[in-house]
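Q: My structure is below; once you've seen it, I'll send some questions.
The numbers here are math on the coordinates, done by the rules we state, and not lab data. Bear in mind that the values here come from a model prediction, so they are computed numbers and not experimental data. Positions of Cβ are generated from backbone atoms using ideal geometry, with glycine treated the same way; all protein chains shown enter the neighbour counts.
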Amino acid sequence: MIGMNRKNIGHGQATGKIILMGEHAVVYGEPAIAFPFEETSIMTTIESDQMMTLDCQYFCGNLAEVPARLKSVQKVIYQTLAELGQENTTLKITINSTIPAERGMGSSAAVAVAIVRGLFDYFKTPCSPETLLRLVDEAEKIAHGNPSGIDAAATSGSKPIFFIKGQPLELFPMNVSNAYLIVADTGIKGQTREAVSDVAHLFEEDKQLAAKHITELGRLTVQAKQAILMNDVPLLGTSMNQAHEHLKALTVSNKQLDHLVETARNNGALGAKLTGGGRGGCLIALVDSKRQAEKIADSLKNAGATAAWIQSLEVKK
Ligand code: PMV
C-alpha cells in the first residue's frame, strides 16, 4: 500500500551559494570555485493535501497554475514525483526561503535541491547525489538555459568546491586565515539567463575575443586556488580584481556592480568582483580583518547596497 510508505511530513533543505571565481567561464569548461553560503537558506515542507498545491513567497495555490517564473519549480516537482513513481499523489509543498531571488546566490538551484530532498524524504526514499543533481539540472535548464551545474553542486553541499563541468566534484580545502569576504547586494535583480546567452552570442560574433576572456578567467581561478592553498590573501585579491575586468569585457557586469566594486576597492578591499550571473545581483570583496570587513560593508551600504553579509574564509574545525 502506498500509504504505508508515507510519513506525514517531508523536509528538504539547501543553502545559498557564492561563486568566488569562475562564473560564466565554467559554462565553457573552465574551473570555478564556489562555496555554500549558510547565511541564507531554504526549507521545504511536504504534506498530504486534496490537490497539488504550492505555497511560497510568490504564489499560493494550484501547482498547475503557477506563473512563468515558477515553471522550473513546477517542473522539478513533477519530474521528482515521476522519478519516485508517485505521479498521482496530491501534496502541499511549502517553501520558506531567506535566499534573495535572482541575486547570483543560486536561489533557483537551491529551491530545486530543497524540493527534491523534501519529496524523497516524504516518501522515505534515499536520494543519491547523482539523482539529486540530475533532477536539479533539468529544472535549471528552464531557469538558466545552459547551466554548468555549479549552482546545484554548491547549494546541495556543505563544503567549498573546485568545480569543472562534467567532472566529478572536487571538495576544496578553503581555509585562509585572516580573510573575510563581504557579500553585498546591489538590490537589482540579476539576469543570469540573459547574461549566459549574451556571452554565447559574443562567441558567435567574435570567437577569438570571447575565448580569450574565458581562458583568462580559467587561469585566474587556478591562480586563486593556488593563492588559497598558499594562504596568500593579496594574490587572491588581485585574481578577483582581474576576473572582474574580464567579466566586464564579457558584458555581464553593470553600472551598479562596477560602482560598488570600485567603492570596495577605494575603501581598502584587496579585491572585489561580481559573483554569479551578473547584470545586478551581488558582488564580493576581500579583506584581511574583521574590522575592515565591517567598514567596507558600511561603505557599500552607504553607496547603495541593499544588504551586506560578512563571511570568514577560515573554515571552522
Ligand atoms: O546567477 P547564479 O547564482 O545562478 O550563478 C550563475 C553562474 C553562471 O556561471 C553564470 C552560470 C552557470 O550555470 O554556471
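Q: Placing +1 at every Lys and Arg Cβ and -1 at every Asp and Glu Cβ, with all other atoms neutral, what dipole size does region 99-236 have around its Cα centre, in debye to the nearest 20? Don't jump to the answer; show the numbers that get you there.
A: On the way: 13 positive and 16 negative charges, 68 e Å.
Once rounded to the nearest 20, the dipole reads 320 debye.
Q: Under a 10 Å cutoff between Cα atoms, tell me which one of PRO147, PRO173, PRO160 has the largest fluctuation in the Gaussian network model of the chain.
A: Per the Cα network of the chain with a 10 Å cutoff, PRO173 tops the list.
Q: Hey, what's the per residue convex hull volume over the C-alpha atoms of region 9-171, in cubic angstrom? Please report the intermediate quantities before stating the final value.
A: Working: hull volume 16.0 nm³, N = 163.
Hull volume over Cα atoms, normalised by residue count, gives 98 Å³.
Q: Shifting gears a bit: Given a 10 angstrom Cα cut-off, can you work out which residue in ALA303, ALA179, ALA68 is the most mobile in a GNM of the chain?
A: So, out of ALA303, ALA179, ALA68, the one fluctuating most is ALA68.
Q: Under 11 Å from the Cβ of ASP198, count the other residues' Cβ atoms, weight Lys and Arg +1, Asp and Glu -1, and hand me the total. Kindly include the intermediate steps, with their values, before the conclusion.
A: On the way: positive: ARG193, ARG279; negative: GLU194, GLU204, GLU205.
For residues surrounding ASP198, the net value is -1.
Q: If amide H atoms are built 1.01 Å from N in the plane of the peptide, which residues on other chains or at least 5 residues away come under 5 Å of the amide H of ILE18?
A: HN-HN under 5 Å from ILE18: PHE35, PHE37.
Q: Can you say what percent of the DSSP beta bridges in the chain, counting only those with both residues inside, are antiparallel? Round to 5. List each step's numbers first, then the result.
A: Numbers: 45 of 48 bridges.
Approximately 95 percent, going by the DSSP bridge assignments.
Q: Nearest 20 debye, what's the magnitude of the dipole of the chain about its Cα centre given +1 on Lys and Arg Cβ and -1 on Asp and Glu Cβ?
A: With only Lys, Arg, Asp and Glu charged at Cβ, the dipole is about 420 debye.
Q: If I build a Gaussian network model for the chain, linking alpha-carbon pairs within less than 10 angstrom, which residue out of GLU65, GLU294, GLU30 has the largest mean-square fluctuation?
A: Looking only at GLU65, GLU294, GLU30, the largest GNM fluctuation is found for GLU65.
Q: In a shell of Cβ-Cβ distance under 10 Å around TYR180, excluding TYR180 itself, what net charge do Lys and Arg (+1) and Asp and Glu (-1) give? Write down the numbers at each step before the final one.
A: Numbers: positive: LYS290, ARG291; negative: ASP288, GLU294, GLU314.
Around TYR180, the surrounding residues sum to -1.
Q: Here is a follow-up. Could you grab the relative contact order for the chain? Cα pairs under 8 Å, six or more apart, rounded to a whole percent. Write down the numbers at each step before the final one.
A: Numbers: 707 pairs, mean separation 70.7, N = 317.
Over the chain, the number comes to 22 percent.
Q: Rounded to the nearest 500 deg cm²/dmol, what is the calculated helix-only ellipticity per residue at 222 nm for the chain, with -39500 (n - 2.57) per DSSP H run of length n ≥ 4? Could the numbers behind the result be given before it?
A: On the way: 10 runs with 135 residues, N = 317.
Estimated from H runs of four or more residues: -13500 deg cm²/dmol.
Q: Per residue, what volume in Å³ does the convex hull of the Cα atoms of region 180-312 enclose? Don't skip to the end; give the middle numbers.
A: Values: hull volume 11.6 nm³, N = 133.
That works out to 87 Å³ per residue.
Q: Please work out the Cα center distance from region 134-173 to region 44-80, rounded to the nearest Å.
A: 23 Å
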